[in-house]
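The values are calculated or read from the model by the stated rules, or taken from the named source; none is laboratory data. Source: prediction; values computed, not measured. Every residue, glycine among them, receives a Cβ derived from its backbone with ideal geometry; neighbour counts consider all protein chains shown. Heavy atoms of the whole protein, side chains included, go into the accessibility calculation; ligands, DNA and RNA do not. Shrake-Rupley method; radii C 1.70, N 1.55, O 1.52, S 1.80 Å.
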Amino acid sequence: MSLLGNLRNKAVEAFVKNNEMVKRFGDVQSISIDSDMGTADVAVLLHGEDRPIKFRGYYSFEDGDTGTDIVIRKITCEREWIDTALSMWVNGKNYRYTLPGLAGSIAKIVF
C-alpha cells in the first residue's frame, strides 16, 4: 500500500475510534479497512456484552463546505436484530462528517 493510501486508512481509523456515537455504545477493539471497496470492518465491544460484535461501514470521501467529508452510506452488523435496527435507522440516508485538520487535508490529497 502506498504511503498516501496508508494515511487515508489512518484517517478513517481515527474517525471511527473518535466518533462520539461509537463511544456511546462501546469500545472499538479492531478495525480493518478496504479503501478500494470503501468499507471498514469494525469489531466493537458493546457495553454489557462479553465479546466484540462485528460491524461493516460503507463510506466515501467528498468535498464539503468546510473541507473533506467522510460520508457513511450504510452500516451492517453480524447480529440480526442490530442489523435490522441499523437498516431502519441508517440505510437509505447518508451521514456526513467533516474530517478535521490534517486528516481532512490528507483525504483531500488522496481523492
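Which ³J(HN,Hα) values, rounded to whole Hz and listed in residue order, are derived for segment 20-33 from phi using the Karplus coefficients 6.51, -1.76 and 1.60 in 6.51 cos²θ - 1.76 cosθ + 1.60 with θ = phi - 60°, glycine and proline given as x?
Ordered by residue, 3J(HN,Hα) equals 4, 5, 5, 4, 5, 9, x, 10, 5, 9, 7, 9, 10, 10 Hz.
Just need log10 I(q)/I(0) for segment 1-78 at q = 0.17, 0.25, 0.27 Å⁻¹, Debye formula, equal scatterers on the alpha-carbon atoms, no solvent, rounded to two decimals.
-0.68, -1.28, -1.40
Write out the GluC sites (Glu not before Pro) in segment 29-85 meeting two conditions: DSSP loop, and at most 14 other Cβ atoms within 10 Å of their Cβ. If you can, show how the numbers build up before the last one.
Details: sites: E49, E62, E78, E80; in loops: E49, E78.
Answer in residue order: E49, E78.
In terms of solvent-accessible area of protein heavy atoms at a 1.4 angstrom probe, what is the ranking of W89, W81, highest value first?
Putting W89, W81 in descending order of accessible area: W81, W89.
If you keep only loop residues by DSSP, which trypsin sites (Lys or Arg not before Pro) in segment 1-64 have at most 14 other Cβ atoms within 10 Å of their Cβ?
none
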